[in-house]
Amino acid sequence: MTKTIITLKKADLTLGSAAARVHVLKGIDLDIRAGESVGIVGPSGSGKSTLLMVLAGLERLDSGEIVIADAPLHSLSEDALADFRGKNIGIVFQSFHLIANMTALENVAVPLELANVRNAFDIARQELTAVGLGERLDHYPGQLSGGEQQRVAIARALAPSPTVLIADEPTGNLDTETGRQIADLLFSKQAERGMTMLLVTHDVSLAARCSRQIRVRSGEIVDDGVSGLKPHVVSA
């Protein structure tokens, strides 16, 4: 049986303060197995992107547990969490988040250098070539198309050879054809490397390509893609 790579137990999170406080995640339980591609879907404001940020180690739970690759993220120090995230989790955002005054090669290599990875520029060159940008290494983000910028972001996410790849609306800023190409690239790399991939998207067809879909509504998982649709209980 495939190993469970991610476990959430009674994951609870409230954001904001005073009248603006919002109970974003409400006691979520979730298990994800190694090598799965998981689409996380739900209406705007349902908590799906916050759930993804928790899974990425970018948002701390108020209570509950999160374990990824046997590491208890809920009890790690900030430094230990950052170190774990840098080595084990690759993240692709909708808006690319590239550094404008760095070349494509530098955007991929510098995070590796900061993590004391040897041969950072060699690895970056290999990853950029693997996503079809071998001829664009010295171009700056402003000289690249949106699809090319997202390819740089994917190369950056893949460079540390992460256990988990997380993508938040990775095709949201792209036209239909470019978005399809980026989706093809993500799924091919996920399969090629046997990674676990978590994908938040509003695109129903993109989510349908995943091996499993999780549906989130009002801060709760209403369908975990395994046991089926759960009754939605409205809290008093």
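Please sort through the DSSP H helices of the chain and keep those with an alpha-carbon extent of at least 24 Å along the long axis and a Kyte-Doolittle average not below 0.5.
Both cut-offs are met by no helix.
What do you get for Rg/Rh over segment 124-200 if you use C-alpha atoms and the Kirkwood form of Rh?
Reported Rg/Rh (Cα atoms, Kirkwood Rh): 0.94.
Dimensions of segment 1-125 along principal axes (Cα, Å, largest first)?
45, 42, 29
So who's got an amide H within less than 5 Å of the one on E59, skipping anything under 5 residues away but keeping other chains? H placed 1.01 Å off N, in plane.
Correct list: V54.
Enter the accessible area per residue of the chain (Å², integer; probe 1.4 Å; all protein chains in place).
On a per-residue basis, 48 Å².
Based on the alpha carbon coordinates of the chain, what radius of gyration and maximum Cα-Cα distance (Dmax) apply, in Å?
In order Rg, Dmax, the Cα atoms of the chain give 17.9, 58 Å.
Okay, helix-only estimate at 222 nm for the chain: each DSSP H run of n ≥ 4 adds -39500 (n - 2.57), divide by all residues, round to 500 deg cm²/dmol; what do you get?
-10000 deg cm²/dmol
Around R33, which amide H atoms from residues at least 5 apart in sequence, or from another chain, sit under 5 Å from its own amide H, with H modelled in the peptide plane?
Correct list: I5.
Would you please give the residues with an amide H less than 5 Å from that of I214, counting only those at least 5 places away or on a separate chain, with H modeled from the backbone geometry?
Excluding prolines and chain starts, which carry no amide H, the hits are G39, I40, V41.
The values are calculated or read from the model by the stated rules, or taken from the named source; none is laboratory data. All values reported here derive from a predicted model rather than from experimental measurement. These accessible areas exclude ligands, DNA and RNA; they are computed on the full protein's heavy atoms, side chains included. Shrake-Rupley method; radii C 1.70, N 1.55, O 1.52, S 1.80 Å.
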